[in-house]
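The values are calculated or read from the model by the stated rules, or taken from the named source; none is laboratory data. This is a predicted model, so every value here is computed, not measured. Virtual Cβ from ideal backbone geometry, glycine too; neighbours counted across all protein chains shown.
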């Protein structure tokens, strides 16, 4: 015996059936419930440099680094993948003719002062700092985002204007000022 399953909410089991491939075990309970257990997880993995990624549950990939042995990154995914690929900055999982790409690295940005609020869209971040907004691209680690495209609001000719609130949509940066202007 390798493993024993206890079904707590059933007094007795009416029936047991394995799937044809042996990966699923179904139990029919006396209370009318059906319990299905995954007994075998597909072996999927990929290696890049000193990192290893493998499927740790049907909807989770674990990424290990040889440099940081105690640090495991667990990434939730929305599909049960048939393949996994790991690159220096990305993880790809997929099935059939589709692949989903995830950016792995942490991008750290240091601002000039304390950030009062921060909003993101798919490409940009806007940070409210000392009555100003710094809008910048969120880039991959090998492209310095602060040098590539960054802008401070309000414009220099409005130096007495204090920004009090802001929002960022996919297409617009919206901010309000202390003189009640948008």
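Can you name every residue in the stretch 70-88 that is assigned to a loop (DSSP other than H, G, I, E, B), over 13 Å from the mean Cα position of the chain (by Cα) and within 18 Å of residue 105 (Cβ to Cβ)?
Narrowing the stretch 70-88 to residues assigned to a loop (DSSP other than H, G, I, E, B): 70-71, 77-82, 87-88.
Within this subset, residues satisfying the condition of being over 13 Å from the mean Cα position of the chain (by Cα) are 70-71, 79-82, 87-88.
Correct list: 71, 87, 88.
Output the number of residues of the stretch 121-139 satisfying the condition of being surrounded by 15 or more Cβ atoms within 10 Å (Cβ to Cβ) and modelled with pLDDT under 85.
1
Suppose we keep only residues that are at pLDDT 90 or above and outside any strand (DSSP E or B) within the stretch 170-182. Which one would you say is farthest from residue 120 (Cα to Cα)?
Going through the qualifying residues, I end up with 178.
Please identify the pairs in which a residue from the stretch 4-17 that is more than 11 Å from residue 36 (Cα to Cα) has its Cβ atom under 8 Å from the Cβ atom of a residue that is exposed (fewer than 10 other Cβ atoms within 10 Å of the Cβ) and modelled with pLDDT under 75, counting only partners at least 6 apart or on another chain.
Filtered contacts from the stretch 4-17: no entries.
Would you check if residue 19 is out of contact with any helix residue (DSSP H, G or I) (no Cβ under 6 Å at 6 or more places or on another chain) and closer than 16 Å to residue 81 by Cβ?
In short, no.
For residues that are out of contact with any strand residue (DSSP E or B) (no Cβ under 8 Å at 6 or more places or on another chain) and closer than 28 Å to residue 91 by Cβ, scanning just the stretch 1-60, find the one that is surrounded by the most Cβ atoms within 10 Å (Cβ to Cβ).
It comes out as 57.
Determine which single condition residue 115 fails, assuming it passes every other condition in (1) modelled with pLDDT of 85 or more; (2) more than 30 Å from residue 176 (Cα to Cα).
Going through the list (1) modelled with pLDDT of 85 or more; (2) more than 30 Å from residue 176 (Cα to Cα), residue 115 breaks only (2).
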